[in-house]
Amino acid sequence: MRSNDGIIATGGSQVVSSAVASGRNAHAEVHSSGSTQFGDGRQRSPQEIRDLFSRLIDELGRSDHPDRADLIEIAEDAREELASESRRMGKLRMLARALLSAVAGFTALVSLAQPIEEAIRGL
């Protein structure tokens, strides 16, 4: 691993599928094999993503989100779509983005919705 002078990340920033470098001697590279990987370095299977949806549905049920009933319905639709033999990726991506944007202010929900959205992008 090469040292990288000049990159500092602070606060609640989030970088997904990109790199930023700034400052003297800074260097950034992005390599992609087309699959989404997570902290443990592996791509999630459709079953694992369905399990994430199940956890999200449980959290939504316990949350005080004003649109939780609608969000639960969206998550259930996406979970069912993932189980389909001919899953519609466009629909899955749309549902995952809708969930992620709807829960932006709810930390526990975002921590589940974000990996779901990223995993679906990687399918």
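The values are calculated or read from the model by the stated rules, or taken from the named source; none is laboratory data. Note that the structure is predicted; figures quoted are calculated from it, not measured. Here the Cβ is made from the backbone with ideal geometry for all residues, glycine too, and neighbour counts use every protein chain on show. The protein model used for the area step is the full one, side chains on, heavy atoms only, and it has no ligands, DNA or RNA in it. Shrake-Rupley method; radii C 1.70, N 1.55, O 1.52, S 1.80 Å.
Would you check which residues across the stretch 57-69 are surrounded by fewer than 19 Cβ atoms within 10 Å (Cβ to Cβ) and free of Cβ contacts under 8 Å to residues at least 12 places away in the same chain and list them? Of everything in the stretch 57-69, those that are surrounded by fewer than 19 Cβ atoms within 10 Å (Cβ to Cβ) and free of Cβ contacts under 8 Å to residues at least 12 places away in the same chain turn out to be ASP58, GLY61, ARG62, ASP64, PRO66, ALA69. If you filter the stretch 45-56 down to residues that are more than 12 Å from ILE120 (Cα to Cα) and in contact (Cβ under 8 Å) with a residue 12 or more places away in the chain, you find that the one that is nearest to the chain's Cα centre (by Cα) is LEU56. Filter the stretch 83-123 down to residues that are in a loop (DSSP other than H, G, I, E, B) and either in contact with a strand residue (DSSP E or B) (Cβ under 8 Å, 6 or more places away or on another chain) or closer than 12 Å to LEU52 by Cα (or both), then give me how many there are. Summing the residues that are in a loop (DSSP other than H, G, I, E, B) and either in contact with a strand residue (DSSP E or B) (Cβ under 8 Å, 6 or more places away or on another chain) or closer than 12 Å to LEU52 by Cα (or both) in the stretch 83-123 gives 0. If you go through the stretch 77-97 and keep only what is of a type outside the set (D, E, K, R) and either within 14 Å of ILE57 (Cα to Cα) or surrounded by fewer than 16 Cβ atoms within 10 Å (Cβ to Cβ) (or both), you end up with ALA78, ALA83, SER84, SER86, MET89, GLY90, MET94, LEU95, ALA96.
Of everything in the stretch 103-123 that is open to solvent by less than 40 Å² (accessible area, probe 1.4 Å) and of a type in the set (Gly, Ala, Ser), the residue that is farthest from LEU60 (Cα to Cα) is GLY122.
Quick check: anything in the stretch 42-51 modelled with pLDDT of 60 or more and of a type in the set (Val, Ile, Thr)?
Yes, there is a match, as at least one residue in the stretch 42-51 is modelled with pLDDT of 60 or more and of a type in the set (Val, Ile, Thr).
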